[in-house]
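Visitor: Got a structure here, written out as structure tokens. Questions coming.
The values are calculated or read from the model by the stated rules, or taken from the named source; none is laboratory data. The structure displayed is predicted, hence computed values, not measured ones. All Cβ positions, even for glycine, are placed from backbone atoms using ideal geometry, and neighbour counts span all protein chains on display.
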Amino acid sequence: MTTFDRTIGATTNADIVVDRAPLFPRVKKGISGRSIAILVFLAICAAFFCVPLYIIVTTSFKTMDQIRQGDIFSLPMPLTFDAWWNAWDNACSGIKCDGLKVGFWNSMAILFPSLILSLGLSSVTGYALALWNVKWANTFLFVLFMCAFVPFQIIMIPLIILTGRGVPIDLFGFQFFAGLNVYGTIWGIAVVHAILSMPILTLIFRNYYKGIPTEIMSAALMDSGSFWKIFVEIILPMSANILIVVLILQITSIWNDFLLGLTFGGLGTQPMSVVLANVVITTTGEAAYNENMAAALLTAIPPLFIYFVLGKFFVEGITAGAIKG
Amino acid sequence: MVIRWSRWSPQLALIPALAITLVAFVGAILWTIFLSFTRSRRFPEYLIDWSDWSRQYDRLLKDDGWQIALQNLVVLGLGSFLAIVFGFILAALIDREKRGEGLFRTIFLYPLAVSLIVTGVAWRWMFNPSFGLQNFFHSIGLTFINFNWLASSDTAMYGIILASVWQGSGFYMALMLAGLKSINSEIWSAARLDGVSVWRLYFEIIIPMMKFTFLTCAILLSLGVVKAYDIVVAMTNGGPGQSTWVPAYFTINAYWAKSNLGYASAAAVIMLLITAAIFLPLVLLTAWRERAREARA
């Protein structure tokens, strides 16, 4: 096997031994001076990481009058949910004042089709490349590995053309456009997400399936299993672990995406992050900072929820998908 | 019959992925490269004037905005490097002091779940000169502190760096922590028995042992820096003036704001070349790692 395969393998499995018991558990002693110094330093760093969250949360509950007093660390007095409601329901982006709710539902609508498309496509591709005898598999894997690193801008313009009306084709006098005609719709964004995540997800699935013992495959083949039958009856039930890791990786990266939503979203089909950016950047007059912070929090809550509930899988996914960058 | 189908089904199942790779990646890259040699403006043109094929690239070289973007790319790369250093320090301390490991890891990693747009919006608010952190420092008497970074073209880039370090350090900490844990624990005991000082232990033993982890981190970081776009939009939207433009921003701007397809394509091709220049060491690195592993075996 060529080298690229090892890189991915290394980032997915071998390097991530986060939870391992120490070989020599240290004897419990009183806390030493050095330990205290380290803990104090770590606590200061933790404060650096937490301060922004504290400031966003408190600001979002303040009234604009209190914000104008200028004490950014003060607790909200009086505490009000108005900013949250306004951000959700009637914050203005450009000339439309529909709040983030439109973006939220758009993001949800983008999420499901693109999850189904990308997971379906890349798990089957990874399975075929890992466990079946395909002659050009190695060449294809190498090309996929390169594709996973390509910056989006280099394929942006052709993708815009292809998801739009497409290219005019003249076939013996019979003229038509070869394009998907989904530009500016929810489907357009979902399809582009599935396309762009295909290389890296395929590599992740392929590395996982490569670890399945060959005995299982030969037994399944003896049992006269067909390609699809083996996949559905044997491989899929064994993939629960990798599926949840990839699922979480995809949910967070689709939810947090900005550039694809901006490029392929039309008016009224933009995902939440694009609406958030519009609300915050295109304000006229004095910005409603409490509303902006509430809007930012509303956008950040779904991935944060996943992180705090399914943290272990999240970290695994983010390191496996690291090269996605 | 079954056997014949099982022979062909894998190839058939690969057709969609193959088609996507050939059209949306390989084809699209060649397409963009082709467009970069044409005079396309709002709409694509497919005629190349061979006497003047490099006009887009010539213009790019003379464009001040592009020069600024390239300089900022270097500044952002060097500044973001702090995330690796910071990540390593955090990982080393967490690894030494096992108390509270889970808690600290959770705290240092949570910004990674937050999108760069949200990160940018949050930091933009903290950099606010009238109500943000600067105002707080001034109100407690520290009037010499200037925290209004985003308003000045000299310091706006540092603001972006600070926010990206905040968002990304946890990731490098996680990679470093994994690297540290894979180091044989006998080394720690041996060093303690020999009375090696902590500094020497880290600089002369641990860091050299983790050179692959560091290189991986550096390459991942550089690839991320080339792609940096969201954070710039959310924090400064390229301003003040053009002072926080980066290549990714320049390319998108050339397409949307200037409606210049050929120009945007040329900028994207340069981005691809920069990525390739970073990507090549990764391939070499893995080859090197492979050889090191075989030599050990």
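Visitor: Just checking, does segment A:149-160 include any residue being farther than 28 Å from A:N278 by Cβ, of a type outside the set (V, I, T), touching a Leu at 6+ places or on another chain (Cβ under 7 Å) and more than 8 Å from chain B (Cβ to nearest Cβ)?
Guide: No: segment A:149-160 contains no residue that is farther than 28 Å from A:N278 by Cβ, of a type outside the set (V, I, T), touching a Leu at 6+ places or on another chain (Cβ under 7 Å) and more than 8 Å from chain B (Cβ to nearest Cβ).
Visitor: Then there is this: Among the residues of segment B:242-276, count how many are touching a Leu at 6+ places or on another chain (Cβ under 9 Å), within 22 Å of B:L220 (Cβ to Cβ) and without any contact (Cβ under 8 Å) to a residue 40 or more places away in the chain.
Guide: 1
Visitor: Within segment A:28-62, how many residues are modelled with pLDDT under 85 and either more than 7 Å from chain B (Cβ to nearest Cβ) or under 15 Å from B:V121 (Cβ atoms) (or both)?
Guide: Within segment A:28-62, residues that are modelled with pLDDT under 85 and either more than 7 Å from chain B (Cβ to nearest Cβ) or under 15 Å from B:V121 (Cβ atoms) (or both) number 7.
Visitor: For segment A:70-91, enumerate the residues that are under 12 Å from A:L298 (Cβ atoms) and within 13 Å of another protein chain (Cβ to nearest Cβ).
Guide: Those that are under 12 Å from A:L298 (Cβ atoms) and within 13 Å of another protein chain (Cβ to nearest Cβ): A:A83, A:A87, A:A91.
Visitor: Scan segment B:117-129 residue by residue and report those that are part of a loop (DSSP other than H, G, I, E, B) and either among the small types (G, A, S) or surrounded by 16 or more Cβ atoms within 10 Å (Cβ to Cβ) (or both).
Guide: Residues satisfying the conditions are B:F127, B:N128.
Visitor: If you take the residues of segment B:161-205 that are more than 12 Å from chain A (Cβ to nearest Cβ) and within 25 Å of the chain's Cα centre (by Cα), which of them is surrounded by the fewest Cβ atoms within 10 Å (Cβ to Cβ)?
Guide: My answer is B:I161.
Visitor: For segment A:222-233, what are the residues that are buried (at least 18 other Cβ atoms within 10 Å of the Cβ) and part of a helix (DSSP H, G or I)?
Guide: Within segment A:222-233, A:F227, A:I230, A:F231 qualify.
Visitor: Being touching a Lys or Arg at 6+ places or on another chain (Cβ under 9 Å), within 11 Å of chain A (Cβ to nearest Cβ) and buried (at least 23 other Cβ atoms within 10 Å of the Cβ), is that true of even one residue in segment B:210-231?
Guide: Checked against the condition, which is being touching a Lys or Arg at 6+ places or on another chain (Cβ under 9 Å), within 11 Å of chain A (Cβ to nearest Cβ) and buried (at least 23 other Cβ atoms within 10 Å of the Cβ), segment B:210-231 yields no hits at all.
Visitor: Pairs, please: C-beta under 6 Å, at least 6 apart or cross-chain, first residue outside any loop (DSSP other than H, G, I, E, B) and in segment B:134-160, second surrounded by fewer than 21 Cβ atoms within 10 Å (Cβ to Cβ)?
Guide: B:Q134/B:F147; B:Q134/B:N148; B:N135/A:G70; B:F137/B:I145; B:W149/B:T155; B:W149/B:Y158; B:A156/B:S243; B:M157/B:V75
Visitor: Residue by residue through segment A:264-273, note down the ones that are farther than 18 Å from A:L117 by Cβ and surrounded by 22 or more Cβ atoms within 10 Å (Cβ to Cβ).
Guide: Matches in segment A:264-273: A:Q270, A:M272, A:S273.
Visitor: Would segment B:50-69 turn up any residue that is surrounded by 18 or more Cβ atoms within 10 Å (Cβ to Cβ), away from every other protein chain (no Cβ under 14 Å) and at pLDDT 90 or above?
Guide: Yes.
Visitor: Taking segment B:179-195 as the search range and keeping residues that are touching a helix residue (DSSP H, G or I) at 6+ places or on another chain (Cβ under 8 Å) and among the aliphatic types (A, V, I, L, M), which one is farthest from A:E316 (Cα to Cα)?
Guide: B:A191
Visitor: Could we say that B:G132 is buried (at least 21 other Cβ atoms within 10 Å of the Cβ) and touching a Leu at 6+ places or on another chain (Cβ under 7 Å) here?
Guide: Judged against the criteria, B:G132 is not a match.
Visitor: Against the definition (over 29 Å from the mean Cα position of the chain (by Cα) and crowded, with 23+ Cβ neighbours inside 10 Å), how does A:K62 come out, yes or no?
Guide: So A:K62 fits the description; yes.
Visitor: While we're here: I'd like to know if segment A:242-260 contains one or more residues that are surrounded by fewer than 22 Cβ atoms within 10 Å (Cβ to Cβ), farther than 24 Å from B:A122 by Cβ, out of contact with any Ser or Thr (no Cβ under 7 Å at 6 or more places or on another chain) and within 11 Å of chain B (Cβ to nearest Cβ).
Guide: No - not one qualifying residue is present in segment A:242-260.
Okay, residues lined up against (1) more than 17 Å from B:I160 (Cβ to Cβ); (2) facing chain A (nearest Cβ under 7 Å):
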position: B:K98; (1), (2): yes, no
position: B:I107; (1), (2): yes, yes
position: B:S115; (1), (2): no, yes
position: B:V121; (1), (2): no, yes
position: B:G132; (1), (2): no, yes
position: B:H138; (1), (2): yes, no
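Visitor: Being aromatic (F, W, Y) and modelled with pLDDT of 80 or more is true for just one of B:F136, B:F144. Which residue is that?
Guide: Result of the check over B:F136, B:F144: B:F136.
Visitor: Then there is this: For A:G188, indicate whether it is in contact with a Phe, Trp or Tyr (Cβ under 7 Å, 6 or more places away or on another chain) and surrounded by 12 or more Cβ atoms within 10 Å (Cβ to Cβ).
Guide: Against the criterion (in contact with a Phe, Trp or Tyr (Cβ under 7 Å, 6 or more places away or on another chain) and surrounded by 12 or more Cβ atoms within 10 Å (Cβ to Cβ)), A:G188 qualifies.
Visitor: Shifting gears a bit: Of the residues A:V143, A:V192, only one is aliphatic (A, V, I, L, M), within 11 Å of chain B (Cβ to nearest Cβ) and free of Cβ contacts under 8 Å to residues at least 24 places away in the same chain; which?
Guide: So the residue among A:V143, A:V192 that is aliphatic (A, V, I, L, M), within 11 Å of chain B (Cβ to nearest Cβ) and free of Cβ contacts under 8 Å to residues at least 24 places away in the same chain is A:V143.
Visitor: So A:G99 passes all but one of these: (1) part of a loop (DSSP other than H, G, I, E, B); (2) surrounded by fewer than 21 Cβ atoms within 10 Å (Cβ to Cβ). Which condition number does it fail?
Guide: Condition (2) is where A:G99 drops out.
Visitor: Which numbered condition trips up A:S93, out of (1) buried (at least 19 other Cβ atoms within 10 Å of the Cβ); (2) in contact with a strand residue (DSSP E or B) (Cβ under 9 Å, 6 or more places away or on another chain)?
Guide: Evaluating A:S93 over (1) buried (at least 19 other Cβ atoms within 10 Å of the Cβ); (2) in contact with a strand residue (DSSP E or B) (Cβ under 9 Å, 6 or more places away or on another chain) leaves (2) as the failure.
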